[in-house]
Amino acid sequence: MSNRRRNDFLIPTLGVLFDGIAIELAFLCSYWLRFNSDVLTFLTVSEDSPPLGAYVYGSLVVISVWWMLFNSRGMYGARRNVALSDEFVNVVKLVSVGMLLVMSAAFFYRAFSYSRIVFGLLWIFSSLFIFIGRVFLLQIEKSLYRKGRELRNAVIIGNNQTANRMYEVLHNHSLLGYKFIGYFAQSKCEGNEPLSQEHYLGTFDEVSDALNNRNIELVLVAMNLDEHDALYKLLRECEGINVEFMMVPDILELMAGGIRVKEIEGIPFIKIKGVPITTWGRIMKRAFDLVVGLGFVIAGSWLFGLIAMFIKITSKGPVFFKQERIGFDGEPFNMIKFRTMRVGAEKFDNQAGLGMKDDPRQTSIGTILRKTSLDELPQLLNVLSGEMSLVGPRPERTFYVEKFKNIIPKYLDRHRVKTGMTGWAQIHGFRGDTSLEERIRYDLYYIENWSLGLDVKILFKTVGTVIFHRD
């Protein structure tokens, strides 16, 4: 067991190395730009350049402190699977905290006076260089996984619906860094289930021997409620075996977001559903909607007028189209859009279906408005009036709410927050005629993991999706 190959060393080590190089480069660039170039002469008065060695020695202390800071937030590890936008935000946050520590230490260290301009430049260069290093590291990691290197050998225990779903999602994604070598179950998986194509390794009683004799690094457990006694027995038999175990709870379908453990008087509770937004959270979200929404209305007022003119020129009827939708707490409201169809087309909504592409009822300008999502702009008025939010689950028509609430699990949980102009599901491609179950899953993730930062992220990604994504 002591000579077992562990595939969790190379990538974290490269991460530590790249960050160290990035911070040192940031120090050198900041020093050069401040003292050895003419770029910033307009900000400073003439003075002698301090010795470079003082900054180099200081950088060694900073690198050590920042390594510990980054490590404390889980920034060093293989298979982090973090989006680059999230990685950039994390880097900026931690660099900002690190800069506060550096400036605090410099304030108390009187033997040498560090330039405040250098500190400002250091914040910019550190954020930039560390992020560039992270992008490069991600490419190295993915390249290794594509070549079948640094993969963690994984097995699944169980052959129920959860186990099959887990295997179906993970086994075709080698870029996640896992390689499945088989599964354990009390009986072999038969039929067309995803696990049936994987190697059957034996029953639960054979797990401990296999872990001792095979190079297995990760065990994913998906056992039924009535198999918990077997799970306890299995864990006792695997005591002393240095292999990571992760279990998917058999209440998985009840959970909308990430698992949270809350302790009350020493008793750990798994939170399976919580209040999505606190009172102060609602206040902040409403203030954000008002400020940003009003800014959009003012900045886009010329576009409103231009679109209204084209609608009146190309077809008869009103500029705006209003339709009853279901919003927060199941309350109905009239959602406003630019009219994209001929007058009276809404009478055939039920026959047309949900989110029909290339609807023949559309006007010529309406087709363009829908493809560019500009028909949604008047919903800013719904946002300003408090009926909607900039970000949230998309509101549905009453007909569809009544239709789906009894057949799609957790469908009504979407109404626990205000509906939005855009949402977590939409930026992941779930809009129009797409899987409702997947859309609900993304909506519930947003509700259970809401933050103002997440709203900002969704708005930025919405702009990118509208501009660059043709669907």
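Only the coordinates and a few stated rules stand behind these numbers; no lab work does. All values reported here derive from a predicted model rather than from experimental measurement. Cβ coordinates were reconstructed from backbone atoms using ideal geometry, including for glycine residues, and neighbour counts include every protein chain displayed.
Give a residue-ordered list of calculated ³J(HN,Hα) values for the stretch 82-88 (Karplus: 6.51 cos²θ - 1.76 cosθ + 1.60, θ = phi - 60°; whole Hz; x for Gly, Pro).
Using θ = phi - 60°, the values come out as 9, 5, 4, 5, 5, 5, 5 Hz.
Counting other Cβ atoms within 10 Å of each Cβ, which GluC sites (Glu not before Pro) in the stretch 128-211 have at most 14 and sit in a DSSP loop?
Glu190
Whole-Hz ³J(HN,Hα) for each residue in the stretch 453-462, computed from phi via Karplus 6.51 cos²θ - 1.76 cosθ + 1.60 with θ = phi - 60°, x for glycine and proline: what do you get?
In residue order, the calculated couplings are x, 5, 4, 4, 4, 5, 4, 4, 5, 5 Hz.
Could you pull out which residues in the stretch 190-233 have an amide N less than 19 Å from a spot 7 Å beyond the Cα of Asn172, following the Cα-Cβ vector?
191-199
Highest first, please rank the peptides 448-454, 119-125 by the mean number of other Cβ atoms sitting within 10 Å of their residues. Each step should come with its number before you reach the end.
On the way: 448-454: 14.9, 119-125: 18.7.
Highest to lowest by the protection proxy: 119-125, 448-454.
Which of the peptides 411-424, 19-32 is most tightly packed, and how do the rest follow, judged by the mean count of other Cβ atoms within 10 Å per residue?
On the way: 411-424: 23.3, 19-32: 19.9.
Put in order of decreasing packing, that is 411-424, 19-32.
Quick query: amide H of Phe320 versus all other amide H atoms, modeled in the peptide plane; which residues come in under 5 Å with a sequence gap of 5 or more or a different chain?
Result for Phe320 returns Arg339.
For labels at Leu84 and Ser64 in the simple 7 Å Cα→Cβ model, what's the distance in nm?
3.5
Amide H to amide H, which residues 5 or more places from Arg152 or on other chains are under 5 Å from it, using H placed in the peptide plane?
Tyr178, Lys179
Between Val16 and Ile140, what is the spin-label point distance in nm, taking each point 7 Å from the Cα along the Cα→C-beta axis?
Distance between the two pseudo-spin positions: 1.3 nm.
Once you put a point 7 Å from the Cα of Tyr400 and another 7 Å from the Cα of Thr279, both along the Cβ direction, what distance in nm separates them?
Reported label-point gap for Tyr400 and Thr279 is 3.5 nm.
I need to check one value: relative contact order of the stretch 162-226, counting alpha carbon pairs closer than 8 Å and at least 6 residues apart, in percent.
Numbers: 49 pairs, mean separation 20.9, N = 65.
In percent, rounded to a whole number, it is 32.
Under 5 Å between amide H atoms, partner at least 5 residues away or on a different chain: which partners does Glu396 have, H built in plane at 1.01 Å?
Counting only residues 5 or more places away or on other chains, the set is Ile326.
Can you compute the FRET efficiency between Tyr232 and Asn71 using 1/(1 + (r/R0)^6), with r the Cβ-Cβ distance and R0 = 25 Å? Round to the nearest 0.05.
Working: r = 34 Å, r/R0 = 1.35.
According to the calculation, E is roughly 0.15.
List, in order, the whole-Hz ³J(HN,Hα) value for each residue of the stretch 196-207 obtained from phi through the Karplus relation with A = 6.51, B = -1.76, C = 1.60 and θ = phi - 60°; use x for Gly and Pro.
Taking θ as phi minus 60°, the curve returns 5, 8, 9, 6, 7, 9, x, 7, 4, 5, 9, 5 Hz for the stretch 196-207.
Applying 1/(1 + (r/R0)^6) with R0 = 22 Å to the Cβ-Cβ distance of Ser49 and Ser104, what FRET efficiency is obtained, to the nearest 0.05? Present the calculation step by step, with values, prior to reporting the outcome.
On the way: r = 25 Å, r/R0 = 1.12.
Between Ser49 and Ser104 the formula returns 0.35.
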